[in-house]
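One structure is given here, and the rest of the page talks about it.
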Amino acid sequence: MLIIGCTAATALGAIVLGSILIMLIIEGIRGFSPALFTQVTPGPGSEGGGIANAILGSLVMTVLGIVVATPVGVLAGTYLAEYGRTSHLANLIRFLNDILLSAPSILIGLFVYTLMVRPMGGYSGWAGGVALAIIATPVIVRTTEDMLRLVPGPLREAGVALGAPYSIVIRNVTWRAAQSGIVTGVLLALARIAGETAPLLFTALNNNSWFNANLMGGVANLPVMIYQFALSPYENWRQLAWAGALLITVTILGLSIVARFILSGPKGR
């Protein structure tokens, strides 16, 4: 009976997820065209248009977030695995990291809104990048710590026995041994923040034009564009929302596949 119940539950989940994916592919492909990647999002009641500005805005803020989160996450994970280990400070950091890992993203958006948007007097891509960085950091911290803990102790001992400072051993031995796992963690964090909507509603909001080089003011991005366009009464807006949703899904799927490929490769075993 247990096998039957587990099989039925698995089949039900696969059917639901498969139905969502099929509907997304059917509806999303209809909106794909050259204009989708070359034109900006249309105004209310306008015909045609694309999501080029939203794609570029999402790319800029996602890259900004991952560039900020990666060094912080890798260094924090290294401290927990190599220096802190079971100390009280390390346990406290792990506890706070677990809370941040499971915190609703909308709370992070509100935090950055209070910290940056209100003092700066408006929405900005900088605030959006900071919000995404806060979401990505705990993922990188956890993955880095776990990967470094898998590195055999004799590798570290061999480096120390040769007279190398422990910092050199970490850079040239431990990090190299765990590099595939660390890169996988960064890719998973990138996939995690690529489709975040709630924090961007409070930080970058949206825009129907290209953003300024200083990233000040509302910045167009795919998640918020999908949210707003999907609820609109305009047919072309809803079609663009489907196309944007499919584009994000394919991107996240691609990142997940690359992460699994790296982790299962010869260096990841």
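Please find, within region 218-261, the residue that is farthest from residue 199 (Cα to Cα) out of those that are open to solvent by 50 Å² or more (accessible area, probe 1.4 Å) and in contact with a Ser or Thr (Cβ under 7 Å, 6 or more places away or on another chain).
The qualifying residue farthest from residue 199 (Cα to Cα) is 238.
Could you figure out which of (1) over 27 Å from residue 189 (Cβ atoms); (2) of a type outside the set (A, V, I, L, M, F, W, C); (3) surrounded by 14 or more Cβ atoms within 10 Å (Cβ to Cβ) isn't true of residue 43?
(3)
For residues that are at pLDDT below 95 and open to solvent by 80 Å² or more (accessible area, probe 1.4 Å), tally how many sit in region 69-91.
Summing the residues that are at pLDDT below 95 and open to solvent by 80 Å² or more (accessible area, probe 1.4 Å) in region 69-91 gives 5.
Which condition from (1) more than 17 Å from residue 60 (Cβ to Cβ); (2) open to solvent by 20 Å² or more (accessible area, probe 1.4 Å); (3) hydrophobic (A, V, I, L, M, F, W, C) is the one that residue 205 breaks?
If we test residue 205 against (1) more than 17 Å from residue 60 (Cβ to Cβ); (2) open to solvent by 20 Å² or more (accessible area, probe 1.4 Å); (3) hydrophobic (A, V, I, L, M, F, W, C), just (1) comes out false.
Looking only at region 208-217, filter to residues that are over 20 Å from the mean Cα position of the chain (by Cα) and closer than 21 Å to residue 119 by Cβ; which one of those is surrounded by the fewest Cβ atoms within 10 Å (Cβ to Cβ)?
214
Report whether or not residue 20 is closer than 17 Å to residue 246 by Cβ and buried (at least 18 other Cβ atoms within 10 Å of the Cβ).
Criteria not met by residue 20.
Within the bounds of region 157-180, is there any residue that is among the charged types (D, E, K, R), modelled with pLDDT under 90 and under 16 Å from the mean Cα position of the chain (by Cα)?
No: region 157-180 contains no residue that is among the charged types (D, E, K, R), modelled with pLDDT under 90 and under 16 Å from the mean Cα position of the chain (by Cα).
So which residues in region 28-50 are assigned to a loop (DSSP other than H, G, I, E, B) and either of a type in the set (Phe, Trp, Tyr) or at pLDDT 95 or above (or both), if there are any at all?
32
Yes/no per residue for (1) touching a strand residue (DSSP E or B) at 6+ places or on another chain (Cβ under 9 Å); (2) among the hydrophobic types (A, V, I, L, M, F, W, C); (3) without any contact (Cβ under 8 Å) to a residue 40 or more places away in the chain:
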position	(1), (2), (3)
157	no, no, yes
162	no, yes, yes
165	no, no, yes
169	no, yes, yes
176	no, no, yes
179	no, no, no
185	no, no, no
200	no, yes, no
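Being assigned to a helix (DSSP H, G or I), of a type outside the set (A, V, I, L, M) and crowded, with 23+ Cβ neighbours inside 10 Å is the filter here, so list the residues in region 103-137 that pass it.
109, 125, 128, 129, 137
The values are calculated or read from the model by the stated rules, or taken from the named source; none is laboratory data. Small disclaimer: the values here were computed from a predicted structure and weren't measured. Here Cβ is always computed from backbone atoms with ideal geometry, including for glycine, and neighbour counts include all displayed protein chains. Calculation scope for accessible area: heavy atoms of the full protein, side chains included, ligands and nucleic acids excluded. Shrake-Rupley method; radii C 1.70, N 1.55, O 1.52, S 1.80 Å.
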